[in-house]
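The values are calculated or read from the model by the stated rules, or taken from the named source; none is laboratory data. It should be emphasised that the depicted structure is a prediction, and the values quoted were computed from it without experimental measurement. When we count neighbours, we look across all protein chains shown, and the Cβ atoms used for this are built from the backbone with ideal geometry, even at glycine.
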Amino acid sequence: MSHHQLDARRLLCPMPVIRAQNKVQELAPGDTLLVTCTDPGALLDIPAWCRINGHEVLEAGVNEDEEVLITIRVGG
Amino acid sequence: MGFRRRFSAIITGPFSESKRPTHRPMSTQRKAVSLISGGLDSMLATQAMLDQGIHVEGINFFTGFCVEGHTHAIRKRDKAKPKRNNALWVAEQLGIKLHIIDVIDEYKDVVLNPKHGYGSNLNPCLDCKCFMVRKAHEWIEQHGFDFIITGEVVGQRPMSQRRDTMPVIQRESGAEDRLLRPLCAKILPPTLPEREGWVDREKLFDFSGRGRKPQIALAKKMGIEDFAQPAGGCCFLTDAAYSSKLADLWQARGERRYEIDDIMLLKVGRHLRPRPHFKLIVGREEGENRFLEGYRKQFTHLYTTSHPGPLVLLDGEADSEDLQLAARLAARFSQGKNADTVRVELHEKGAEQRELDVVPLTNDEIPVEWYL
Ligand code: SF4
């Protein structure tokens, strides 16, 4: 089980979702992935993508730089 | 919302013995991939397949021109309520997986060299549909799926959904009769899934034409109450203003090509071309300015410092006279538009930054033809 990071800043939706999807495909169940985005739409889209595809969102929020941070646990 | 979710069910014949094509046992659940656009039609087509016990997963192609999401994300006034991605939302309502595929690079050839030409703007709809079904066909071959479904309806769109173009899509995509359009299947020749009995043709539909009534009625019957209303096309290429900006870009460059940054920037800001050899992109509000800031390194850019104003990117080549004009335009779009002089900071690509004191252009000095 390992932790990974993905920089999806400056990308507009749906690119952050696509990048997260492609990264998750490389990971094993139980791995975690922290995605950093600047498009606020990612706050809706990445969790929706996770719900659909059976991954868990451990944390989602916005930091003081208005970056969206989402931590995903890869489903089985 | 009263929507019924369907989960996997096992399909059990009846298969015609003589035509059983495959190695799979009869009870194997058949799998289809559905082209999900986010609109109602693909939603209905998918639900119809789920209702017949087919395992369906969605596929959505991101070409760079899709209307989904991003312009809303850029503009500040929409920020409090970011727009949902309709394809994801539809998939969630249907209870299916969705695969979003980045086809930005491959799609360029579709836009630049459409074999079947363009629609009323720079929308190459027929080539686009062939391309998407071809990609979906490649996908089903890689993933062991049996067929492809779309929400197409005969006669619904002037270019890609005509009776005579429907077979073109089947042929040129390579999907042939593994492409099923549940909403109008009954008025088209039977496809493989129908002939093999994977899908009951009798339970499919015979919709045609531009009317939306049958779709709305079917949605009601299926318990689908909330759906995105179709607005012309599914991408910016059907938009006249967008297409004319794209055509201008090609003309100014003397060649037809684009990068993803080009097509993104066409969605943002006011675009003015005061001279054939350069254009200006002027942020309209804070969200756009912030987005344009990401491009500062790549472009000569300017902004007013004596008054609040937009960030302006200059795309092309500009001599000192042109830069003066650009500064006067930047001043025009700032809060100092009525001031005697406005100070503008100019960051010329590959040069030291400098300041210019300029007289803002008046409205009358900006010909409408400058606006793209
Ligand atoms: S509207 Fe755009 S995405 Fe839809 S078929 Fe036409 S070119 Fe393709």
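Quick grid of which residues meet (1) out of contact with any Cys (no Cβ under 6 Å at 6 or more places or on another chain); (2) away from the ligand (no atom under 16 Å from the Cβ):
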{"site": "B:Asn123", "(1), (2)": "yes, no"}
{"site": "B:Phe145", "(1), (2)": "yes, yes"}
{"site": "B:Val153", "(1), (2)": "no, no"}
{"site": "B:Pro190", "(1), (2)": "yes, yes"}
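Consider B:Lys83 carefully, then state whether it is in contact with an Asp or Glu (Cβ under 7 Å, 6 or more places away or on another chain), farther than 23 Å from B:Phe205 by Cβ and either within 13 Å of chain A (Cβ to nearest Cβ) or modelled with pLDDT of 95 or more (or both).
The answer is no for B:Lys83.
Can you tell which of B:Leu272, B:Leu249, B:Leu292 is crowded, with 17+ Cβ neighbours inside 10 Å, touching a Phe, Trp or Tyr at 6+ places or on another chain (Cβ under 8 Å), assigned to a helix (DSSP H, G or I) and at pLDDT 90 or above?
The conditions single out B:Leu249.
If I ask for residues that are of a type outside the set (Val, Ile, Thr) and out of contact with any Asp or Glu (no Cβ under 7 Å at 6 or more places or on another chain), which ones from region A:51-60 would you list?
A:Asn53, A:Gly54, A:His55, A:Glu56, A:Leu58, A:Glu59, A:Ala60
Kindly indicate whether any position in region B:307-316 is outside any loop (DSSP other than H, G, I, E, B) and either touching a Ser or Thr at 6+ places or on another chain (Cβ under 6 Å) or within 14 Å of chain A (Cβ to nearest Cβ) (or both).
Scanning region B:307-316 turns up at least one residue that is outside any loop (DSSP other than H, G, I, E, B) and either touching a Ser or Thr at 6+ places or on another chain (Cβ under 6 Å) or within 14 Å of chain A (Cβ to nearest Cβ) (or both).
Would you check if there is a residue in region B:159-179 being under 20 Å from B:Asp51 (Cα atoms) and not in a helix (DSSP H, G or I)?
Yes, because at least one residue in region B:159-179 is under 20 Å from B:Asp51 (Cα atoms) and not in a helix (DSSP H, G or I).
Limited to region B:321-372, what total is found for residues that are outside any loop (DSSP other than H, G, I, E, B) and either within 37 Å of the chain's Cα centre (by Cα) or among the hydrophobic types (A, V, I, L, M, F, W, C) (or both)?
24
Could you tell me whether B:Arg134 is away from chain A (no Cβ under 14 Å), of a type in the set (D, E, K, R) and within 16 Å of the ligand (Cβ to nearest atom)?
Answer is yes for this residue.
If a residue has to be within 14 Å of another protein chain (Cβ to nearest Cβ) and either modelled with pLDDT under 95 or more than 12 Å from the chain's Cα centre (by Cα) (or both) to count, how many in region A:1-15 make the cut?
Count: 7.
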